[in-house]
Each structure stands twice: as C-alpha cells, then as structure tokens.
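**Student:** My questions all concern the structure below.
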Amino acid sequence: MPHKHKSKSWTELKQTGNDSFKAGQYGEATNYYSQAIKELEKSNKKNPEDLGILYSNRAASYLKDGNCAECVKDCNTSLELYPFNVKSLLRRAAAYEALERYRPAYVDYKTALQIDCNIAAAHDGTNRMTKALTEADGLSWREKLPPIPTVPLSVREKLVQRAAGNAAPPNPTPKQNGTRQTNKSAPSEKDMKKGQTLKEEGNALVKKGEHKKAIEKYTQSLKLNPTEITTYTNRALCYLSVKQYKDAVRDCDEALMIDSSNVKALYRRAQAHKELKNIKACEDDLNSLLKVEPKNSAALKLLQEVQKKK
C-alpha cells in the first residue's frame with residue numbers, strides 16, 4: 001500500500017495557495033490553485049461558485065507575475081462559473097489595462113461599479129481608461145466601446161447583501177449606464193414632480209441651517225426619483241455639515257455614477273475624504289475636478305491644504 005497519505009483536499013490546497021500568495025510566492029500560489037482546481041473538478045461536489053473563486057485566485061497570481069494573457073483566460077472561465085464576481089472583473093480589467101486593451105478594461109471597470117459603486121479601484125480605473133481612450137480615439141471614443149452589460153438587479157442585491165453582511169440594505173434602484181431599465185423604468189411624471197417638491201423643501205431647510213431635517217426630505221425625494229444628481233450632491237453637503245462623512249462619500253459616488261465629471265460631487269467627496277484622513281483619495285478627486293475646471297479656486301485651495309498635511 002504505497003499510497004498511505006491521502007492527497008490534500010481542494011480546500012487545503014486553496015488555503016496553501018492563499019498563504020503563498022500573501023507571502024508573495026506567486027508562482028507557488030499558481031501551482032497550488034491549479035492542483036485545487038483539478039481536485040475540485042474531480043470531486044463530485046461541483047459547486048460552480050467555488051470553482052469560479054479558484055480560477056479568480058489563480059488569475060490574481062498570474063496578474064502579479066505579469067502573465068496578463070493567462071489572467072484574462074482565468075477570469076473569463078471564472079466569470080462563466082460565477083457571473084459578475086467583482087474580483088474577477090477587476091482582475092481582468094487590470095490585465096486588459098496592462099495589455100493596453102483599454103476598451104474592454106473600461107467595460108469591466110464600469111460593470112464592477114454597477115455592482116458596487118464604492119470600489120475605489122474601479123473609479124480610478126474608469127478615470128484612467130476614459131483618459132487613455134479620449135487620447136486614442138478622440139471625443140467619440142464611447143461609440144467604439146463594446147456594450148456594457150447591465151447587471152441584473154437580483155445579482156446586485158445578492159452581491160451587495162453578501163458584501164455588506166449586516167450593513168444597510170442595498171438601494172434597489174439599478175444604476176444604468178445609458179441602457180434602458182427593464183421593469184424599473186424612469187420615474188413617473190408624478191413621482192418626479194413630488195420628488196422635486198421634496199427636494200425644494202430640503203433646499204429651504206438647508207438655507208435655515210436645518211441639515212438633519214433636510215437630509216430626511218432629500219432621502220424621501222430620492223426614493224421617488226433616484227436619478228436626480230443634484231439631490232445626491234445636496235444631501236452630501238448636509239452629511240458634511242453633520243459630520244457623517246462616509247454617507248457624504250456614498251452620495252457623491254452615486255452622483256458620479258450618473259455624471260463622472262460632476263464638480264460638486266468631486267469637491268464634496270474630496271472634503272469628506274479629507275475629514276476621513278483619506279488624503280490620497282482626496283487628492284485624486286481634486287485632481288479629477290481640476291481636469292474639468294482647471295481654475296476652480298476652492299479645489300486649488302483645498303489641494304494646497306491637504307498637500308501641506310503630508
């Protein structure tokens with residue numbers, strides 16, 4: 001009986017792979033993930049999601065080793081097994097970017113943002129790709145993009161719940177990138193009117209300095225019309241006033257998904273990042289803003305302030 005020792009299970013192999021990866025041994029990690037994939041494919045427990053994660057992990061090792069083509073291949077397999085897995089989308093985007101395939105990279109970054117609009121890496125990636133594509137294709141660069149998949153609502157809710165665990169409930173209004181929504185069409189005329197009234201009531205409360213009450217009005221308004229960008233930037237302003245900086249960042253993220261060069265959203269998010277001591281993120285937002293408005297004095301002043309702090 002030469003085979004006394006049982007071969008390692010795929011979960012043990014995956015764990016060893018993770019440990020190697022953390023230690024910076026990417027070649028070893030790739031080997032362990034490959035063995036884990038073999039074991040899991042052999043076993044009868046064919047859980048596509050587990051297999052998808054293994055491919056995604058191996059893709060990460062390939063990416064770290066600079067093997068971008070293999071990284072893309074593994075991400076493709078991973079996304080077939082486990083559609084809209086954010087890590088696979090971000091890894092594939094990074095590989096495409098390294099391969100200078102900016103269009104599919106842009107699509108992956110944008111898709112990741114549909115699933116979770118708070119991913120800094122996806123925001124940064126989208127901005128980098130926008131710049132690269134504008135330089136390559138001129139102002140009509142968007143016309144040359146492959147279609148951006150619409151992430152189904154069910155997927156977003158499931159992923160958001162999983163990611164949040166017990167955080168706030170996900171906002172069920174799908175954010176669209178110029179694609180028509182199916183069952184959740186644009187707000188009705190009635191809702192838009194009511195939303196507008198509530199927003200104006202919120203604006204009046206801001207003028208009186210009653211920020212907490214204004215937040216309630218803006219929140220009610222956004223329930224009726226989640227596409228109104230200024231309601232998000234106004235509520236972000238209120239959140240800054242009541243020192244709820246993380247909520248301010250979230251509102252600016254929503255606004256920037258609708259319009260990625262919105263100056264108010266970029267400035268207010270920069271202010272929130274500054275308070276949260278995220279100096280790099282603050283600088284990034286101010287630099288993005290100054291690309292849109294190079295002479296914006298408030299942004300120039302804030303940028304000087306944060307650079308002094310370094």
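**Student:** Using +1 on the beta carbon of Lys and Arg, -1 on that of Asp and Glu, and nothing else charged, what's the dipole of the chain about the Cα centre, debye to 20?
**Tutor:** Dipole of the chain, to the nearest 20 debye: 640 debye.
**Student:** Classify segment 187-280 as rounded, prolate or oblate from the Cα gyration tensor: take a ≥ b ≥ c as the square roots of its eigenvalues, call it rounded if a/c is under 1.5, otherwise prolate when a/b beats b/c and oblate if not.
**Tutor:** In terms of gyration-tensor shape, oblate.
**Student:** Divide the volume of the convex hull of the Cα atoms of the chain by its number of residues and quote the answer in cubic angstrom per residue.
**Tutor:** 169 Å³
**Student:** A further question on this structure: Under a 1.4 Å probe, what is the accessible area of segment 1-127 per residue, stated in Å²?
**Tutor:** Heavy-atom accessible area per residue stands at 52 Å².
**Student:** Can you give the translational diffusion coefficient of segment 25-80 in µm²/s, computed by Stokes-Einstein from the Kirkwood radius over Cα pairs at 10 °C and 1.306 mPa s?
**Tutor:** Result for D is 144 µm²/s.
**Student:** Going by the alpha-carbon gyration tensor, a ≥ b ≥ c the square roots of its eigenvalues, is segment 72-133 rounded (a/c under 1.5) or, if a/c is not under 1.5, prolate (a/b greater than b/c) versus oblate?
**Tutor:** oblate
**Student:** Moving on. Could you tell me what percent of the accessible area of segment 63-161 is made up of carbon and sulfur, with a 1.4 Å probe and every protein chain present?
**Tutor:** 51 percent
**Student:** Using a 1.4 Å probe, what is the accessible area per residue for segment 225-288, in Å²?
**Tutor:** 40 Å²
**Student:** Could you please state how large a percent of the accessible area of segment 182-310 is carbon and sulfur, counting protein chains only and using a 1.4 Å probe?
**Tutor:** Carbon with sulfur: 51 percent of the solvent-accessible area.
The values are calculated or read from the model by the stated rules, or taken from the named source; none is laboratory data. As the structure is a prediction and not an experimental result, all values here were calculated from the model. Ideal geometry is used to build each Cβ from the backbone, glycine not excepted, and the neighbour counts take in all protein chains shown. These area figures cover heavy atoms from the full protein model, side chains too; ligands, DNA and RNA do not enter into them. Shrake-Rupley method; radii C 1.70, N 1.55, O 1.52, S 1.80 Å.
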